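The values are calculated or read from the model by the stated rules, or taken from the named source; none is laboratory data. Treat the numbers as computed from the prediction; the structure is a model and nothing was measured. Don't worry about glycine lacking a Cβ; one is built from the backbone with ideal geometry, like all the others, and counts go over all protein chains shown.
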There are 2 protein chains.
Amino acid sequence: MGQYNAPLRDMQFVLHELLNVESELKQLPKHAEVDANIINQVLGEGSKFTSRVIFPLNHSGDREGCHFDKATLAVTTPQGFKEAYIQYRKAGWPSLPCDPEYGGQGLPMVLYNSLSEMLNSANQAWYMYPGLSHGAYECLHAHGTEEQKALYLPKLVSGEWTGTMCLTEAHCGTDLGLLRSKATPQADGTYRITGSKIFISAGEHDLAENILHLVLARLPDAPSGTRGISLFLVPKFIPNADSTLGARNTIYCGGIEEKMGIHANSTCQMRLDDATGWIIGKPNKGLNAMFVMMNAARLGVGMQSLGLTEVAYQNALVYAKDRIQMRSLSGIKAPDQAADPIIVHPDVRRMLLTAKAYAEGGRAFCSFVALQIDRELNHPDETARQEATDLVALLTPVVKAFITDNGWVATSEALQVYGGHGFIAEWGMEQYVRDARINMIYEGTNTIQSLDLLGRKVLMDNGAKLRKFGALIQAFIEENGTDEAMNEFITPLADLGEKVTKLTMEIGMKAFQNQDEIGAAAVPFLRVVGHLVYAYFFARMAKIALEKLDSGDTFYKAKLATARFYFARLLPETAMLIRQARSGAANLLDLETELF
Amino acid sequence: MGQYNAPLRDMQFVLHELLNVESELKQLPKHAEVDANIINQVLGEGSKFTSRVIFPLNHSGDREGCHFDKATLAVTTPQGFKEAYIQYRKAGWPSLPCDPEYGGQGLPMVLYNSLSEMLNSANQAWYMYPGLSHGAYECLHAHGTEEQKALYLPKLVSGEWTGTMCLTEAHCGTDLGLLRSKATPQADGTYRITGSKIFISAGEHDLAENILHLVLARLPDAPSGTRGISLFLVPKFIPNADSTLGARNTIYCGGIEEKMGIHANSTCQMRLDDATGWIIGKPNKGLNAMFVMMNAARLGVGMQSLGLTEVAYQNALVYAKDRIQMRSLSGIKAPDQAADPIIVHPDVRRMLLTAKAYAEGGRAFCSFVALQIDRELNHPDETARQEATDLVALLTPVVKAFITDNGWVATSEALQVYGGHGFIAEWGMEQYVRDARINMIYEGTNTIQSLDLLGRKVLMDNGAKLRKFGALIQAFIEENGTDEAMNEFITPLADLGEKVTKLTMEIGMKAFQNQDEIGAAAVPFLRVVGHLVYAYFFARMAKIALEKLDSGDTFYKAKLATARFYFARLLPETAMLIRQARSGAANLLDLETELF
């Protein structure tokens, strides 16, 4: 059923050589003591835990799926899931990036990020249980009252309780303004909440003794639309003041979905019948509060596809070295065998390198964003914090959409390397593709991410945030513009940077005339920006690789080849995307609906 | 579980208005009587049959899958499959394109092609049972002895018996030269065949009383590699001379595979234990004979993805008109509803139009190729036959790879239109994506198709076949070059034509130095050729649409808009592909295998 080994060497390269995390963290008082040793130790432990405990449950969990008991409304996760969760909890993994005030270890996000990649490679469906809990932790940490935090956070930090986000209803997913669940205030300050939610990941399961649901609902006097949505904490069991479990709340799982993938994660229909809830944040400001969790979840979804890209690549690589089939067109490469290993064939290499480049580009990118989150949360200088905030806001939709689209391509290419065996469940490759498909949809479809990027993050501030990222690129270009060896990277990077600037202005002008121009350009625009980001990071990685090429460590040779592949084979997608983005809205809108 | 209605209007447009099939068939003595009436009648009946009988079994068949009984080694197809097959057989559908000498109706391939699209839209997994039989019919018809044909063909034509192709073994799929199954000649002229085959679609099932396996195996004195492979007919039951069933042959199903998709088609491991077989064609020339079936199957696989593209589009369209979510960015479009139908959003339209354009382009293309097959088989003039033969040879890998790659994109976009619901099995969209995935793999992976196109079909004859297709394009350009209204189509078509010529020469030159340059360029090259083909057909369709725009039939307005969408949004992929194809082999080969 395949294999997974955390790509420790590349993770260390990204953290220590590309991002200089140790010295970056020294600027952040909270993390000043986190040195390379600590980082490498955590990575090493994470690697062991994910490959030994979590990965072996991935394929079996997919085949078995979750079980829903109509009589008790209970959900049982696949064999081994609960035991693995207990091990995870006992080892203290959930508390890694959490606030020490509530029992956390207070380690930086940039480190948690690497762990998160490993867990997603090992088992996306399993990791969604604790992964969503962490989002609930962040939301409550940012918006809960002191009392709420004292009561609930230690349990989320320890992993004894898990969390969910209950947004979607059958008639509204993207358009939360339509939601109908109702919350009625009670004399004791609590609320009675009634409604139906669907697609609630980890809404019910047997891993933890309690589940904290973060539920969006409307107050009786709420304005219509998104301005009338409030956020409530609705625990499955209402905790007593000492956090022992009290009464069972009236929020129930009504069934679980049969899905294309992530079979081992329970996707629940949830019914609330006058369930007791506590408001989080201010009335009618629920979406603001939920956005903390949603932004964390969006980055998390990008990480899911990064994880799948890596594990699919690893397995395709093993197969491509092992499987013999046909002779190389340029002459026999393995004369002692009846055929050459398929990795000699150029197109097999194209498929492998596509996955490899998307994994390595995504790793650099996500680690960078995670580091910006650490700066945003902890940098003593306000300007630095604001710059980090802007970069995270700008890049979050790119992480979500670009990496999940790439993950779909990469897992599919990795499957293709197996030929017919890729389609057979037993080999495990088709699961990666099926699992990867949801990542383009949930937490805001990739179209929504693109509109968020182009409409809100770029055009709404006249490109100011985009220019902040552009300034990093510009500085790098100026620093290396005279280095002949870097020419092959700097020239296309600078060229793309200029094109993005022009494209942005052009769309902005068109949007003055017709707002639909934004919707017509958003998806290719986001992918262009994604490539600009990857071109920047691959150029930076290539620079390091060039400097250390003679070190004797062949890692740098491989890194340089991957960067070259990226520029030669993947970056050219921008030539298509820019044409598409510039083609305007008319080719989409001219056809009357009834003529489709 | 969705819906399917054959796109009769567009099929008629392609056959009658684009290809002028009636007058084309008049040139072919065998089909001179086939007029528009007959064609439309068959299409109408096919439409009813596929939407009423076959489509309703698609989702249930996927959920149930096939059953293998370890005790009896029997395979049972999902509920309803057998009854539908009996109806199909009794209605005479299998005999449609077959030779009247063996009970066929002798109708042209270009008509069978449309029926085939419908059946694939309705239920790919079901249609594979009779679809493969037709391939076996063609192989036997071309290479069987008179005795073999007399005994077997009437049963294949009537659908009482079905056929398979048994090529793949566990250690060889692409590389048939490695195959190990052995055939030992017997004194009575038969052979005893022993070996193990895998991935045998429809290898065992309960739809027909007998199954004719076409099996590749080696004679004792056979040269190694592909020059030592012979083809054998191995019936499940050995027929008596009067074609009643005789003894059970020793070819057995050892198990069926659990797969990503096409669950309702049995993918069998087949064991041959001294099974009795009859040689088809000459010893050691088995691959030549099998290629008749393989070429038919390759076109058939393209049709599978065309079918999936169409049905996925139809369902996404229904959903996009029905589902309300968010307001149009350019102002409220459905003031009487709480939100606008999602088809108002530009990016939803981009997804729909992508599927629509790939369906319509694929339909025109496949119908054209099917017509060439009719010309190849039946044209009285040898030059015309040869030209048709060359076009079919050139375009077969393009049908297989381009349409299946597009089908993967299109079904995935159609799923995405559904948002979260697209991922849920109940809605049926995710099945189309899963089913579409195999089409990029079987009957020669899409990489193999690309190598066939670039290496064998284009470079091996110095581009002669490609120039034959180019001449059709050139004639069309010259005919319409001065028509201003056609400018928007003619200019990019002519431009791409020139680029393909240059690209072909460039790769040809590089290949002199290093044959790996072919493997490095083949996949993007095939897609460029695919776009050249689609650009040609969309330009031709646009011309007709422009001429009839004022006819009052809004069909032409839609056709024109689809053509414009194709040129604006899909054709620009060539800008990426040409860069990739030109980037050369070094970016794929420079990395040593051990450094991956």
Does residue B:575 satisfy being under 31 Å from the mean Cα position of the chain (by Cα), of a type outside the set (D, E, K, R), facing chain A (nearest Cβ under 8 Å) and farther than 30 Å from residue A:10 by Cβ? yes
Only unsatisfied item for residue B:441, checking (1) closer than 25 Å to residue B:392 by Cα; (2) in contact (Cβ under 8 Å) with a residue 24 or more places away in the chain; (3) within 12 Å of chain A (Cβ to nearest Cβ), is (2)
When residues of the stretch A:578-590 are filtered for being more than 7 Å from chain B (Cβ to nearest Cβ), in a helix (DSSP H, G or I) and touching a residue at least 24 places away in the same chain (Cβ under 8 Å), how many remain? 3
Filter the stretch A:447-476 for residues that are part of a helix (DSSP H, G or I) and small (Gly, Ala, Ser); the one that is farthest from residue B:417 (Cα to Cα) is A:475
Of the residues in the stretch A:323-340, those that are closer than 24 Å to residue B:580 by Cβ, at the interface with chain B (Cβ under 8 Å from one of its Cβ atoms) and not polar (S, T, N, Q) number 2
Give the residues of the stretch A:341-352 that are in contact (Cβ under 8 Å) with a residue 60 or more places away in the chain and either more than 7 Å from chain B (Cβ to nearest Cβ) or basic (Lys, Arg) (or both), sorted by residue number. A:342, A:348, A:350, A:351
Among helices (runs of 4 or more DSSP H) lying entirely in the stretch A:1-106, which contain 3 or more residues that are outside the structural domain of residue A:554 (by TED's automatic domain parsing) and of a type in the set (Gly, Ala, Ser)? A:36-49
Apart from one, (1) facing another protein chain (nearest Cβ under 10 Å); (2) surrounded by 24 or more Cβ atoms within 10 Å (Cβ to Cβ) all hold for residue A:435; the odd one out is (1)
Restricted to the stretch A:131-182, and to residues that are of a type in the set (Asp, Glu) and under 17 Å from residue A:290 (Cα atoms), which residue is farthest from the other protein chains (Cβ to nearest Cβ)? A:138
Top-ranked residue of the stretch B:548-558 - restricted to ones that are assigned to a helix (DSSP H, G or I) and touching a helix residue (DSSP H, G or I) at 6+ places or on another chain (Cβ under 8 Å), ranked as nearest to the other protein chains (Cβ to nearest Cβ): B:558
Scanning the stretch A:330-374 for residues that are of a type in the set (Phe, Trp, Tyr) and touching a Ser or Thr at 6+ places or on another chain (Cβ under 7 Å) gives A:358
Counting only residues in the stretch A:417-427 that are in contact with a helix residue (DSSP H, G or I) (Cβ under 6 Å, 6 or more places away or on another chain) and surrounded by fewer than 24 Cβ atoms within 10 Å (Cβ to Cβ), the one farthest from the other protein chains (Cβ to nearest Cβ) is identified as A:427
Residues of the stretch B:504-522 being surrounded by fewer than 21 Cβ atoms within 10 Å (Cβ to Cβ), closer than 14 Å to residue B:578 by Cα and not acidic (Asp, Glu), in sequence order, are B:505
Under 9 Å between Cβ atoms, at least 6 apart or on separate chains: pull out the pairs that start in the stretch A:211-228 with a residue that is outside the structural domain of residue A:135 (by TED's automatic domain parsing) and more than 11 Å from residue A:283 (Cα to Cα) and end on any residue that is of a type in the set (Phe, Trp, Tyr) and not in a strand (DSSP E or B). A:212/A:152
Exactly one of B:51, B:60, B:116, B:95 is under 20 Å from residue B:428 (Cβ atoms) and surrounded by 17 or more Cβ atoms within 10 Å (Cβ to Cβ), and that one is B:51
Do the conditions hold for residue B:77, that is, is it buried (at least 20 other Cβ atoms within 10 Å of the Cβ) and either of a type in the set (A, V, I, L, M) or under 30 Å from residue B:538 (Cβ atoms) (or both)? no
Just one of B:575, B:563, B:558, B:568 is farther than 30 Å from residue A:314 by Cβ and surrounded by 22 or more Cβ atoms within 10 Å (Cβ to Cβ); which is it? B:563
Just to be sure, is residue A:561 touching a helix residue (DSSP H, G or I) at 6+ places or on another chain (Cβ under 7 Å), of a type outside the set (D, E, K, R) and either within 13 Å of another protein chain (Cβ to nearest Cβ) or in contact (Cβ under 8 Å) with a residue 24 or more places away in the chain (or both)? no
If only one of B:430, B:479, B:488 is facing another protein chain (nearest Cβ under 8 Å), in a helix (DSSP H, G or I) and of a type outside the set (A, V, I, L, M, F, W, C), which one is it? B:430
Can you name the number of the only condition in (1) closer than 23 Å to residue B:50 by Cβ; (2) more than 7 Å from chain A (Cβ to nearest Cβ); (3) out of contact with any Gly (no Cβ under 6 Å at 6 or more places or on another chain); (4) touching a residue at least 60 places away in the same chain (Cβ under 8 Å) that residue B:306 fails? (3)
Tell me, which strands (runs of 3 or more DSSP E) wholly within the stretch B:167-224 include 1 or more residues that are farther than 24 Å from residue B:129 by Cα? B:182-185, B:191-201
Could you list all residues from the stretch A:193-237 that are β-branched (Val, Ile, Thr), surrounded by fewer than 24 Cβ atoms within 10 Å (Cβ to Cβ) and more than 28 Å from residue B:426 (Cα to Cα)? A:226
